[in-house]
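Shown next, in structure tokens, is the structure this report addresses.
The values are calculated or read from the model by the stated rules, or taken from the named source; none is laboratory data. A quick note: this is a predicted structure, and the numbers were derived from the prediction, not measured. Because the Cβ atoms are built from the backbone with ideal geometry, glycine has one as well, and the counts that use them run over all protein chains shown.
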Amino acid sequence: MRMSKAIAVRALTVGLVLVLADVAGAQALGRRGLMGVQLAPLDAATAASLKLASAEGVLIGGVVPGTPAEAAGLKAGDVIVAIGDAKAADIPSLTTVLRKYYAGDVLPLKVVREGEPIELKLTLAERPKETSDEFDVLYEAAYVGDKRVRTIITRPKGEGARPAVLFIQPMSQMSMDFGPRPHPFKRLVGELTKAGYVVVRVERVGVGDSEGEDPRQTDVKTDVATFRGALEKLATYDYVDKDNVFVLTHSLGAAIAPMVARGAPVRGVITYGAVGESWIDATVEASARSWKLEMLDDGEIAERTRKLAAFLNGVVAEGKTPRQVLESDAGLKQTFDSFVQSDEYIGGQHYTYVQAMEKLDVADAWKACDSPVLAIWGEADFVATRADSAMIASAAKNGTLLALPGIDHNFEPAQDQEESYLAGFTNRFNEVLVEKVTAWMKEKMKKP
């Protein structure tokens, strides 16, 4: 098993057949459109109350004032059932259809309102971009194979080449383009840029402005190629000091970071809140920790843990689709039915991606990383563990473990894991992280 995992890692690292190349100007890649609605899933009970024949469709939970949705006449309680001839049976299918449209395009909506079908036309507005008075924000575009992807670069004002950081986010469908919204990732990038670093973010294939209809079907090889290509291109910009390029990754991004950095002229790799074990073990153990913080009794935690492990092993070890696993076990179906999306998706990702992640030997990948590594763990982090970061620091040829008190998985200040769990997502930021990261990078920089 270990040999097969090692072979898989090498194949992903060496066999990068996808090439990232410049696209002339940010406008080469169209801007995704904004509707201005809050979407909600449609269950059988809600469908019946709305006088619908079935639960196929997407419920409008709310309409944002002053947006295209309001101008088009959409109302809370409406159900979108199709865009043109393309059905919108649920939120994932609606999202897939919407990826064919850009700002300025007109959506021919088919809607059911109080049991009656109506048709509306909605003209998509452009999604607002990130801006800053303190540094430049550049919207660029590049190719990964035959797909164009969005890159977002924050650059200190002024002339001269600056050290640079490639940020590798957790492998999810979340966009790295936050517009005017606050977010810990956006704050992290901004603070690093204000400290004098060029920082590049990359939208995965199928996410945000990037081309590709369904980001849930992106595979691990494509993700590695996307970030590796961005890393290589970053060093060619005249405003980047090519001798001082770093990689910074968060959470599950650490699973591919060593493959992205392997053999590249990287001065150092920093991980934060890294998941350093198998995907199944990490998911099961993180869930168990959250249930303990939820104050569930030990018996219920043990039963939930057993069921979750059985479900995930059915998908990964036995090679079944999530739906096949649930249909074979009534107990698992009752517990995890809402977790499975469109039969082949688990936690928002295609089940084959999860299978590929489980085959990776993360420790083996870090052993092959030639760059210095700083593995940081926040002591208030209940998602990842100190052992995860310690494994990375130990496996790397030149690794260092740093435990920071008072910070959780999302860079937010918290005294301990319980406070982090109870507080939830607050969009606060612990600036000590940036201080430690920049101090380490300065230490590792190549001097003139």
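Summary of computed values
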{"item": "Residue check for Ala317: out of contact with any strand residue (DSSP E or B) (no Cβ under 7 Å at 6 or more places or on another chain), at pLDDT 85 or above and of a type in the set (A, V, I, L, M)", "result": "no"}
{"item": "Scan of region 48-85 for residues that are free of Cβ contacts under 8 Å to residues at least 12 places away in the same chain and over 19 Å from Ala125 (Cβ atoms), ordered by number", "result": "Ala48, Ser49, Ala53, Ser54, Asp85"}
{"item": "Condition check for Thr226: of a type in the set (Ser, Thr, Tyr) and either under 20 Å from the mean Cα position of the chain (by Cα) or in a strand (DSSP E or B) (or both)", "result": "yes"}
{"item": "Scope region 286-300; condition farther than 21 Å from Arg386 by Cβ and in a helix (DSSP H, G or I); matching residues", "result": "Asp298, Gly299, Glu300"}
{"item": "Single residue of Val165, Val144 found to be β-branched (Val, Ile, Thr) and modelled with pLDDT under 90", "result": "Val144"}
{"item": "Among (1) at pLDDT 85 or above; (2) buried (at least 16 other Cβ atoms within 10 Å of the Cβ) - the single one Ser93 does not satisfy", "result": "(1)"}
{"item": "The lone exception for Val220 - which of (1) out of contact with any strand residue (DSSP E or B) (no Cβ under 7 Å at 6 or more places or on another chain); (2) within 23 Å of Glu435 (Cα to Cα) it fails", "result": "(2)"}
{"item": "Residue within region 375-382 that is closer than 20 Å to Arg262 by Cα, buried (at least 20 other Cβ atoms within 10 Å of the Cβ) and not polar (S, T, N, Q) present", "result": "yes"}
{"item": "Single unsatisfied condition, Met295 versus (1) in the same structural domain as Glu344 (by TED's automatic domain parsing); (2) buried (at least 16 other Cβ atoms within 10 Å of the Cβ)", "result": "(2)"}
